[in-house]
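Asks: One structure follows; several queries about it will come next.
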Amino acid sequence: MIPNGRDVVDGRGAAEILGISYKTWSNKGGAKAFGLRPLNEGRRTLLYDRAQVEAVRDGRELPVWPQGTREHPGDLLDEQDAADVLGVTYGALRHDRAVGRLPGWVDVCGVAHIKRATLDRVIAARPGRGVGGGRPRRSFQTRGSSSSVKPSAS
């Protein structure tokens, strides 16, 4: 998740800001060598806060951002975060995105993100329980027969 109002860079962007090559960034151990934590740990493309990378470059103390459960409608969620918010699997979300059921995706450093407000609208527009679809209920009685009578074996 990219919190609202934060600018991010990927590893290549961080290396460029620091004035080193991406190969040097990788060889030194990336963000760990500079004391940076990615905003999206555990993802394939790690994203870093630009203000923190610039603070490392200038030798300043890293800005600390409030952590917690504060959710802003402008937060940008990646596909995994969006799937968690919607309560669906990652594959289901990817399918819905591919067929156009989830519009409004933006590309940030090669990673697709969607605003939390857009997901809130999607959740609000979902039909409620029992609004159709699904399998019909099974009927135990058919015309002209009773379900409580069992045929006898003679």
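Asks: Take Val9 and tell me if it is touching a residue at least 24 places away in the same chain (Cβ under 8 Å), closer than 25 Å to Arg70 by Cα, surrounded by 14 or more Cβ atoms within 10 Å (Cβ to Cβ) and over 22 Å from the mean Cα position of the chain (by Cα).
Replies: Against the criterion (touching a residue at least 24 places away in the same chain (Cβ under 8 Å), closer than 25 Å to Arg70 by Cα, surrounded by 14 or more Cβ atoms within 10 Å (Cβ to Cβ) and over 22 Å from the mean Cα position of the chain (by Cα)), Val9 does not qualify.
Asks: In the range 42-57, what residues are in contact (Cβ under 8 Å) with a residue 60 or more places away in the chain and open to solvent by less than 20 Å² (accessible area, probe 1.4 Å)?
Replies: Listed by number, the list holds a single entry, Leu47.
Asks: Consider Asp107 against the criteria (1) open to solvent by less than 60 Å² (accessible area, probe 1.4 Å); (2) assigned to a strand (DSSP E or B); (3) charged (D, E, K, R): it satisfies all of them except one. Which criterion is unmet?
Replies: For Asp107, the exception is condition (1).
Asks: Please specify each residue of the range 15-25 satisfying the condition of being surrounded by fewer than 12 Cβ atoms within 10 Å (Cβ to Cβ) and either under 19 Å from Leu62 (Cβ atoms) or acidic (Asp, Glu) (or both).
Replies: Listed by number, the list holds a single entry, Gly19.
Asks: A follow-up question, please. Check whether at least one residue in the range 26-41 is touching a residue at least 40 places away in the same chain (Cβ under 8 Å), farther than 23 Å from Thr118 by Cβ and open to solvent by less than 90 Å² (accessible area, probe 1.4 Å), and report yes or no.
Replies: There is no residue in the range 26-41 that is touching a residue at least 40 places away in the same chain (Cβ under 8 Å), farther than 23 Å from Thr118 by Cβ and open to solvent by less than 90 Å² (accessible area, probe 1.4 Å).
Asks: Against the definition (charged (D, E, K, R), under 28 Å from Arg12 (Cβ atoms) and outside any strand (DSSP E or B)), how does Arg70 come out, yes or no?
Replies: So Arg70 fails the test.
Asks: Answer with yes or no whether Leu93 is under 30 Å from Arg126 (Cβ atoms) and either touching a helix residue (DSSP H, G or I) at 6+ places or on another chain (Cβ under 9 Å) or not hydroxyl-bearing (Ser, Thr, Tyr) (or both).
Replies: Answer is yes for this residue.
Asks: List pairs: first in the range 75-97 and on the phi < 0 side of the Ramachandran plot and among the small types (Gly, Ala, Ser), second open to solvent by 50 Å² or more (accessible area, probe 1.4 Å) and modelled with pLDDT of 90 or more, Cβ under 8 Å, 6+ apart or cross-chain?
Replies: Short answer, once both residue conditions are applied: Ala83/Thr89; Ala83/Tyr90.
Asks: Hey, does the range 64-78 have a residue that's touching a Leu at 6+ places or on another chain (Cβ under 9 Å) and surrounded by fewer than 19 Cβ atoms within 10 Å (Cβ to Cβ)?
Replies: Scanning the range 64-78 turns up no residue that is touching a Leu at 6+ places or on another chain (Cβ under 9 Å) and surrounded by fewer than 19 Cβ atoms within 10 Å (Cβ to Cβ).
The values are calculated or read from the model by the stated rules, or taken from the named source; none is laboratory data. Quantities reported herein were computed from a predicted structural model and do not represent experimental measurements. Because the Cβ atoms are built from the backbone with ideal geometry, glycine has one as well, and the counts that use them run over all protein chains shown. Ligands, DNA and RNA are stripped out before the accessible areas are found, and what is left, the full protein with its side chains, is counted by its heavy atoms. Shrake-Rupley method; radii C 1.70, N 1.55, O 1.52, S 1.80 Å.
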